[in-house]
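Q: One structure follows; several queries about it will come next.
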Amino acid sequence: MSAPAPAEAAARLRPAVRLLPAALLAVLVRLGHLGGPAMQFNADEAASGLMVREILAGRHYVFFAGQDYGGTLEHYLQAAAYLLVPMPQTAWTLRLPLVALSALGCVLVQLVAERVLGDRARAALAAVLFAVGPWFNVVGSVTALGFHVAAQTLSAAVLLGALRAGDAERPLRVLAGTGLCAGLALWTAPVTLYVLVPAAVW
């Protein structure tokens, strides 16, 4: 099998080069906040940490412990991170999967903005603004409350899927992926209906 031509290789790298700066900025801003004195560990995060330990020990949760709402997708991602990467179970490491989810959310925001605005420069600006603020979003996206960043990222994925479905080469595959993300979003946080209903209508 022959090596790809330089032009083809450059074409494959172009999306990553375009999407990487804002995603890296989101990571740096959130890591900076995690390393600062303003970051506090609260009771909800303690409950999340205990749930992750229980999941690693073989217990399974559908909803946040003691509740009948608030899906546990974030907790399973946190548990998977501990399984895949040998690291101590601390408040700081508990939040690292949320940083990764925030970076993914930033990429999705940029892709949605490209579709909506039709201008890559303005879409990149939208992603940069998402990466750095508003401040409550930065704080919420690295606080292990169990719902915030997963719901946000899944909602962005649903929006992108709804926008792509009309012109995708394989629309059924896009719709299936969008439906999966919508189901996960609704399980994670019912408040995502504010995004899911307009996306479904679209």
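The values are calculated or read from the model by the stated rules, or taken from the named source; none is laboratory data. Here the structure is a predicted model, which means the values were calculated and not measured. We place every Cβ from the backbone using ideal geometry, glycine too, and count neighbours over all the protein chains shown. Keep in mind that these areas ignore ligands, DNA and RNA; they rest on the heavy atoms of the full protein, side chains included. Shrake-Rupley method; radii C 1.70, N 1.55, O 1.52, S 1.80 Å.
Q: Mind checking the full-extension length gain between Thr93 and Val139? Use 0.36 nm per residue of separation minus the Cα-Cα distance, one decimal, nm.
A: Full-extension gain reported as 15.0 nm.
Q: Hey, another quick one. Per residue of region 48-60, what does 6.51 cos²θ - 1.76 cosθ + 1.60 with θ = phi - 60° give for ³J(HN,Hα)? Whole Hz please, x for Gly and Pro, Karplus curve as stated.
A: Coupling constants for region 48-60: 4, x, 5, 5, 4, 4, 5, 4, 5, 8, x, 8, 10 Hz.
Q: If you don't mind, there's one more thing I want to ask. Taking the chain as a Gaussian network, where each spring joins two C-alpha atoms under 10 Å apart, which residue of Met87, Met39, Met51 fluctuates the most?
A: In the Gaussian network model the winner is Met87.
Q: If you place +1 on the Cβ of every Lys and Arg and -1 on the Cβ of every Asp and Glu, how big does the dipole about the Cα centre of the chain come out, in debye to the nearest 20?
A: The dipole of the chain has a size of about 420 debye.
Q: Show Asp119, Asp68, Asp44 ordered by accessible area, largest first, where the area counts protein heavy atoms only and the probe is 1.4 Å.
A: Asp68, Asp44, Asp119
Q: Mind pulling the per residue volume of the convex hull built on the Cα atoms of region 102-202? Å³ is fine.
A: 94
Q: Under a 10 Å cutoff between Cα atoms, tell me which one of Val116, Val138, Val158 has the largest fluctuation in the Gaussian network model of the chain.
A: Residue with maximal mean-square fluctuation among Val116, Val138, Val158: Val116.
Q: Relative to the longest principal axis of the C-alpha atoms of the chain, give the angle of the C-alpha long axis of helix 6-34, reported between 0 and 90° and rounded to the nearest 10°.
A: Tilt relative to the chain: about 30 degrees.
Q: Taking 0.36 nm per residue of sequence separation and subtracting the Cα-Cα distance, how much length would be gained by fully extending the chain between Ala80 and Arg173, in nm to one decimal?
A: 30.9 nm
Q: Out of Phe64, Phe130, Phe41, any idea which swings most in a Gaussian network model of the chain, alpha carbons joined below 10 Å?
A: Answer for the Gaussian network model of the chain: Phe41.
Q: For a label point 7 angstrom out from the Cα of Gln40 toward its Cβ, which stretches of region 141-182 have the backbone nitrogen within less than 20 Å?
A: From region 141-182, the list is 141-148.
Q: Using only the heavy atoms of the protein chains and a 1.4 Å probe, how would Trp187, Trp202 rank by accessible area, largest first?
A: Sorted descending by solvent-accessible area, the residues read Trp202, Trp187.
Q: Can you give me the C-alpha center-to-center distance between region 22-54 and region 118-175, rounded to a whole angstrom?
A: Their Cα centres are 20 Å away from one another.
Q: Now for a different question. Which whole-Hz couplings ³J(HN,Hα) result when phi for each residue of region 79-94 is put into the Karplus expression 6.51 cos²θ - 1.76 cosθ + 1.60, θ = phi - 60°, listed in order with x for Gly and Pro?
A: Result, rounded to whole Hz: 4, 4, 4, 5, 6, 7, 10, x, 8, x, 8, 10, 4, 5, 5, 4.
Q: Right, something else. Simple spin-label model, 7 Å along Cα-to-Cβ: Leu50 to Leu193 in nm?
A: Once both label points are built, they end up 3.0 nm from each other.
Q: While we're on this one: Which is farthest toward the positive dipole end of the chain among Val116, Pro198, Ala100, measuring Cα position about the Cα centre, with Cβ charges +1 (Lys, Arg) and -1 (Asp, Glu)?
A: Val116
Q: Kindly provide the helix-only [θ] at 222 nm of the chain, computed as the sum of -39,500 (n - 2.57) over DSSP H runs of four or more divided by all residues, to the nearest 500 deg cm²/dmol?
A: -24000 deg cm²/dmol
Q: Further question: Kindly list the residues of region 100-123 that lie in the label zone of Ala200, defined by a backbone N under 18 Å from the point 7 Å along the Cα-to-C-beta vector.
A: Those under the cut-off are none; the list is empty.
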